[in-house]
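The values are calculated or read from the model by the stated rules, or taken from the named source; none is laboratory data. Model, not experiment: these values are computed from the prediction. No Cβ is skipped: glycine too gets one built from the backbone with ideal geometry, and neighbour counts run over all protein chains shown.
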Amino acid sequence: MKPNLTVNIAGVKLRNPTMNAAGVLGLSGSLLRRIAEAGAGAVVTKSIGMKAREGYPNPTVVGVRCGLLNAMGLPNPGIKEFTNEIKVAKKAGVPVIVSIYGLTANEFAAVAKEAEKAGADAIELDVSCPHVKEVGSQIGQDPNEVSKVVRKVKSTVKKPVFTKLTPNVTNIVEIAEAAEKAGTDAITAINSVKAMAIDVETKKPILANKTGGLSGPAIKPIAIRCVYEIYEAVKVPIIGCGGVTEWQDAVEFMLAGASAVQIGTAIFYKDLAVFDEVIAGVQSYLAKRKYGSVKYIVGLSHKR
């Protein structure tokens, strides 16, 4: 009998422990449906705000040896325009997690309410974007601000709330504990790492925004460490994110304490086939070691 890959994250039931990371093919319902059809256990939208945002001018993405560096600037049509995309994504038959951002706790809550009305199965709070001033990591670096946002959103919506944390802090555990105390239902760790690249010929930063977020294989060891530390400090489920490229990466995150993983940069390297590859690899790993369910390896490294 094949091992059971289903997971339950704060009441959100996934057929397997994989999903795309926010910002990767998440700007339309049709693309989110393609991700679901590729095998993902849930889909995550682009980070959506209250009003439409154009984002930064090009160049916004640059490939580096160890991953991707991006500063998109959170381009999105605004939650009112995006509600139809959520409804389209829902037709895929897997949970739809809507990533949102705001300038204030009240704005986060207002966006969350609209997302919930459109059919979101869960809300992911983007308090960790490393390249947009006044939102993202500027909020996520302060445990008090994180608490305000989580409390306000939790008091506004009934659906589960996930809080996505930034690694660009001195103590990520402190932020995770603040989010848990404020009522978050789960934690996503981590978002991209603040970084930059300079063109040696022009002698200028390559990204239009100068700095951006590094994603991909280079940040996986950072993400694993963050998940491991957070697991020892909180009781809510953790979604691991950062550098998942092979099935071994997903297993490593689970051993560190993640109940599920998000896949982002690897989609650019391997296309959507990466989902089937990771899922099959995790299932084979469990079967060879006679684990009847994926839940049995979550946090297992803490018991060794």
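All but one of (1) farther than 17 Å from Ala40 by Cβ; (2) touching a Leu at 6+ places or on another chain (Cβ under 9 Å); (3) surrounded by fewer than 24 Cβ atoms within 10 Å (Cβ to Cβ) hold for Ile198; which doesn't? Going through (1) farther than 17 Å from Ala40 by Cβ; (2) touching a Leu at 6+ places or on another chain (Cβ under 9 Å); (3) surrounded by fewer than 24 Cβ atoms within 10 Å (Cβ to Cβ) one by one, Ile198 breaks only (2).
For the residues Gly39, Gly67, the requirement of being over 25 Å from Ile139 (Cα atoms) and surrounded by fewer than 24 Cβ atoms within 10 Å (Cβ to Cβ) singles out Gly39. Within the set Ala266, Ala273, Ala256, the sole residue that is among the small types (Gly, Ala, Ser), touching a strand residue (DSSP E or B) at 6+ places or on another chain (Cβ under 9 Å) and at pLDDT 95 or above turns out to be Ala256. Just name the residue that is nearest to Gly41 (Cα to Cα) out of those in segment 62-110 that are among the β-branched types (Val, Ile, Thr) and in contact with a helix residue (DSSP H, G or I) (Cβ under 6 Å, 6 or more places away or on another chain). Among those that are among the β-branched types (Val, Ile, Thr) and in contact with a helix residue (DSSP H, G or I) (Cβ under 6 Å, 6 or more places away or on another chain), it is Val94. For segment 178-219, a residue qualifies if it is in a helix (DSSP H, G or I) and either within 19 Å of Tyr56 (Cα to Cα) or touching a helix residue (DSSP H, G or I) at 6+ places or on another chain (Cβ under 6 Å) (or both), and the qualifying residues are Ala178, Ala179, Ala182.
The single residue among Ala223, Ala186 that is of a type outside the set (D, E, K, R), buried (at least 24 other Cβ atoms within 10 Å of the Cβ), at pLDDT 95 or above and out of contact with any strand residue (DSSP E or B) (no Cβ under 6 Å at 6 or more places or on another chain) turns out to be Ala223.
Across segment 7-40, the qualifying residues are those that are among the polar types (S, T, N, Q) and touching a residue at least 40 places away in the same chain (Cβ under 8 Å), and the one among them that is farthest from Glu277 (Cα to Cα) is Ser28. Taking the listed residues Ala273, Ala266, Ala258, the one that is buried (at least 17 other Cβ atoms within 10 Å of the Cβ) and within 22 Å of Gly63 (Cα to Cα) is Ala266, with no other qualifying. Selection of segment 17-33 for residues being within 16 Å of the chain's Cα centre (by Cα) and either under 16 Å from Ala122 (Cβ atoms) or polar (S, T, N, Q) (or both) yields Pro17, Thr18, Met19, Asn20, Ala21, Ala22, Gly26, Leu32. Filtering segment 1-15 down to residues that are of a type outside the set (D, E, K, R) and more than 16 Å from the chain's Cα centre (by Cα), which residue is surrounded by the fewest Cβ atoms within 10 Å (Cβ to Cβ)? So the residue we want is Met1. Is it the case, given these coordinates, that Lys295 is part of a loop (DSSP other than H, G, I, E, B) and either of a type in the set (Lys, Arg) or touching a Phe, Trp or Tyr at 6+ places or on another chain (Cβ under 6 Å) (or both)? It is false that Lys295 is part of a loop (DSSP other than H, G, I, E, B) and either of a type in the set (Lys, Arg) or touching a Phe, Trp or Tyr at 6+ places or on another chain (Cβ under 6 Å) (or both).
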